[in-house]
Amino acid sequence: MDRATFFSSQAGRTIDAPRQTRTRFGIGAVVRHKLYDFRGVVFDIDPVFANSEEWYQSIPEDLRPERDQPFYHLLAENDDSSYVAYVSQQNLLGDADNGPVDHPQIHQLFESFDGGRYQMRRALTH
């Protein structure tokens, strides 16, 4: 498989990743965590795990996801708060509610909510 490297500022190191990765969700998709009661909107995707080793080791071993899969950055919410989450593809489902996410940073990244997904601000797209 063809591989590439990229620098992850979150991990503080260079990451080796497949040149092509199959993602289940795209930027602007509304998703729900399989195990924990929160949902969020995808605002960035890493092709493989690209966070710190300390973060990875803090996950209980029996719940720790494989590194070689897409990981999603989410503007997340639950009944108590809004926050940024980093979640493996294996732990996400499409959100059946298809409703908007009430996160205070939504409007910094996205213009509108249409058809069950958010549209990225034009100034932020490539």
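Heavy-atom accessible area for Asp68, with the other protein chains in place and a 1.4 Å probe, reaches approximately 100 Å². Counting only protein heavy atoms and using a 1.4 Å probe, the accessible area of Leu35 comes to about 100 Å². Between the alpha-carbon centres of segment 24-56 and segment 89-120 there is a gap of 12 Å. Computed over protein heavy atoms with a 1.4 angstrom probe, the accessible surface ordering of Glu111, Glu54, largest first, is Glu54, Glu111. Between Asp102 and Thr14, the modelled labels are 4.6 nm apart [label points 7 Å from Cα along Cα→Cβ]. Charge tally around Gln89: other residues with Cβ under 12 Å, Lys/Arg +1 each, Asp/Glu -1 each, net +1.
Within the shell defined by Cβ-Cβ distances under 11 Å, the residues around Gln69 carry a net charge of 0, with Lys and Arg each +1 and Asp and Glu each -1.
The charge dipole of segment 3-124, taken about the Cα centre with unit charges on the Cβ atoms of Lys, Arg (+1) and Asp, Glu (-1), comes to about 620 debye, rounded to the nearest 20. Over all pairs of different C-alpha atoms in the chain, the reciprocal of the mean inverse distance, the Kirkwood hydrodynamic radius, equals 15.3 Å. Here the 3J(HN,Hα) profile of segment 55-71, calculated from phi with Karplus coefficients 6.51, -1.76 and 1.60 at θ = phi - 60°, is 4, 4, 5, 6, 7, x, 3, 6, 10, 5, x, 5, 6, 8, 8, x, 10 Hz, Gly and Pro shown as x. Farthest towards the positive end of the charge dipole of the chain, among the residues Gly115, Ser52, Pro100, is the Cα of Gly115, using unit charges on the Cβ of Lys, Arg, Asp and Glu.
Using the Cβ of Ile27 as centre and a radius below 10 Å, the other residues enclosed give a net charge of 0, where K and R count +1 and D and E count -1. Each residue, Gln119 and Arg24, gets one label point 7 Å from its Cα in the Cβ direction; the gap between the two is 2.8 nm.
The values are calculated or read from the model by the stated rules, or taken from the named source; none is laboratory data. None of these values were measured; they are calculated from a predicted model. Quick reminder, even Gly has a Cβ in these numbers, built from the backbone with ideal geometry, and neighbours come from all protein chains shown. When the accessible area is computed, the model is the full protein with side chains, heavy atoms only, and any ligands, DNA or RNA have been set aside. Shrake-Rupley method; radii C 1.70, N 1.55, O 1.52, S 1.80 Å.
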